[in-house]
């Protein structure tokens, strides 16, 4: 099953979505611990939402971190994935992290959601944060992410290796200007406006 942009919504979590968040977190975090940035199982859910709002505004950032927006991808009431949009890059992020990081809940993989999440993230990065040239990275052996990035216009710049990276990382640049990027959405649609 392939998804269309109108089926998927990228948005912030609501206070009454703790159970769905925990379901997605528990399903994804064993293989991908960074699924829920800044989440600590000891903190109340309400506090986690406050932390995300602070990080988005650049408040109380841990050393080396930048303001970022963490949005969850919903299809109906189910979280199928998430995206993190970093508002700017540090030297470390420019080397291996990039502007956008996305993850898909395991049971929803291979359905086209990653491609749609990245496409919608690119729109948000451009329209809300003015990012017109986007860096997206992935592990060199992650065939699914390679395809996702390339479907969204990613052009491979290089592959980073070294003692500071556990696995070789591919660095892709995406021209995020709708005038020069074919098939780039030109506005944030109603379905993906952040709540």
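The values are calculated or read from the model by the stated rules, or taken from the named source; none is laboratory data. It should be emphasised that the depicted structure is a prediction, and the values quoted were computed from it without experimental measurement. Backbone-built Cβ (ideal geometry, glycine too); neighbour counts: all protein chains shown.
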(request) Looking only at the stretch 135-150, decide whether some residue is crowded, with 22+ Cβ neighbours inside 10 Å, under 19 Å from residue 67 (Cα atoms) and touching a strand residue (DSSP E or B) at 6+ places or on another chain (Cβ under 7 Å). (result) yes
(message) If residue 17 meets every condition in (1) assigned to a helix (DSSP H, G or I); (2) modelled with pLDDT under 95 apart from one, which number is that one?
(response) (2)
(request) Look through the stretch 154-175, keep the residues that are outside any strand (DSSP E or B) and in contact with a helix residue (DSSP H, G or I) (Cβ under 8 Å, 6 or more places away or on another chain), and return whichever of them is farthest from residue 116 (Cα to Cα). (result) 164
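If you take the residues of the stretch 56-89 that are touching a strand residue (DSSP E or B) at 6+ places or on another chain (Cβ under 6 Å) and free of Cβ contacts under 8 Å to residues at least 24 places away in the same chain, which of them is surrounded by the fewest Cβ atoms within 10 Å (Cβ to Cβ)?
Here the residue is 56.
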(message) Every residue in the stretch 110-122 that is at negative phi and at pLDDT below 95, please.
(response) 111
